[in-house]
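Here's the structure, in structure tokens; my notes come after.
The values are calculated or read from the model by the stated rules, or taken from the named source; none is laboratory data. Since the structure is predicted, the reported quantities are computational estimates derived from the model, not experimental observations. In this analysis, Cβ positions are derived from the backbone assuming ideal geometry, glycine residues included, and neighbour counts consider all displayed protein chains.
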Amino acid sequence: MTSEIDQLAYEEKQADYFQCTRSEMLPFVPKACKRILDVGCAEGAFGETLKKVFGAEVWGVEPVKSAAAVAVKRIDRVFEGVFSPESGLPVGTFDCIFFNDVLEHMLAPEAALRYAGGLLAPGGVVVASIPNVRFFPVIWELAVHGRWDYHDCGILDKTHLRFFTKSSIRTMFESEEFTLQSICGINAYWGLPNVSTRLWRAYRLANAISLGSIDEMKFLQFVVVARPTKRN
């Protein structure tokens, strides 16, 4: 886990980068969650939704100062800084810890998962949304056009330090002694804005020819729900 981030790189992002409500993550919130930790809580939009919908107490960790200053007005507690043992979070406290497109921004996401495991209350889970680098449009640009262009957001975000597939996500969690309760794709390509009909047809043809072996390439992200193995 890194002890600092490039504040300037994040401060230069568009304002809406820190304002996502991530409503597609709500179905993964465990029932009867009383205390939730949102790692990389940005401006607290998701945490605020959790409070309204589930009535939960929501804490957040956010390394970007300007975003943390907004989040503190929306959720119960905000720790400004990177997610690490130095955060001073109470062990055995949280029913659920969220990483919404956060682990890929970390140099050592495995260490973050290890730390998170100790913060969970008995029966608690980690829920993580992680970009799928095997997303068909990304592979198309690489394989057909020889392009691997970084952007201000998305799978090839300039601030991403790690890249994952469904298989490597599973390996990472299992290596840190988590048992996966579920792993599923979200934000399928056809439902996203500015979809290329031509590219979607190319994907469907390739998937049909391969007998469905590239079905997971249609998803922008995968969501993992995992529990520390030793507590099962």
Please go through (1) closer than 20 Å to Lys218 by Cα; (2) among the β-branched types (Val, Ile, Thr); (3) modelled with pLDDT of 95 or more for Val127 and return the number of the only condition it doesn't satisfy. (1)
For the range 128-146, indicate whether the set of residues that are farther than 30 Å from Ala202 by Cβ and more than 19 Å from the chain's Cα centre (by Cα) is non-empty. no
Of the residues Thr171, Thr197, Thr229, Thr159, which is over 25 Å from Leu26 (Cβ atoms) and under 14 Å from the mean Cα position of the chain (by Cα)? Thr159
Do you know which residues across the range 50-67 are part of a helix (DSSP H, G or I) and either without any contact (Cβ under 8 Å) to a residue 12 or more places away in the chain or buried (at least 18 other Cβ atoms within 10 Å of the Cβ) (or both)? Leu50, Lys52, Phe54, Ala67
When only residues in the range 68-91 that are of a type outside the set (A, V, I, L, M) and either under 15 Å from Gly44 (Cα atoms) or surrounded by 21 or more Cβ atoms within 10 Å (Cβ to Cβ) (or both) count, which is nearest to the chain's Cα centre (by Cα)? Phe83
Here is a list of conditions, (1) among the aromatic types (Phe, Trp, Tyr); (2) surrounded by fewer than 20 Cβ atoms within 10 Å (Cβ to Cβ); (3) in contact with a strand residue (DSSP E or B) (Cβ under 9 Å, 6 or more places away or on another chain), and Phe99 meets all of them except one; can you say which number that is? (2)
Scanning the range 47-67 residue by residue, those within 22 Å of Tyr115 (Cα to Cα) and within 18 Å of the chain's Cα centre (by Cα) turn out to be Gly47, Val58, Trp59, Gly60, Val61, Glu62, Pro63, Val64
Could you grab me the full set of residues in the range 59-88 that are of a type in the set (A, V, I, L, M, F, W, C) and touching a Ser or Thr at 6+ places or on another chain (Cβ under 9 Å)? Trp59, Val61, Phe79, Val82
With respect to Ala202, determine if the residue is among the hydrophobic types (A, V, I, L, M, F, W, C), in a helix (DSSP H, G or I), surrounded by fewer than 19 Cβ atoms within 10 Å (Cβ to Cβ) and touching a residue at least 40 places away in the same chain (Cβ under 8 Å). yes
Would you mind finding the one in Thr179, Thr171, Thr159 that is assigned to a loop (DSSP other than H, G, I, E, B) and of a type in the set (Ser, Thr, Tyr)? Thr159
Residue pairs, Cβ under 6 Å, 6 or more apart or interchain, first in the range 88-112 and touching a residue at least 40 places away in the same chain (Cβ under 8 Å), second aromatic (Phe, Trp, Tyr). List them. Ala112/Phe83
Take Asp101 and tell me if it is at positive phi and either modelled with pLDDT of 95 or more or among the β-branched types (Val, Ile, Thr) (or both). yes
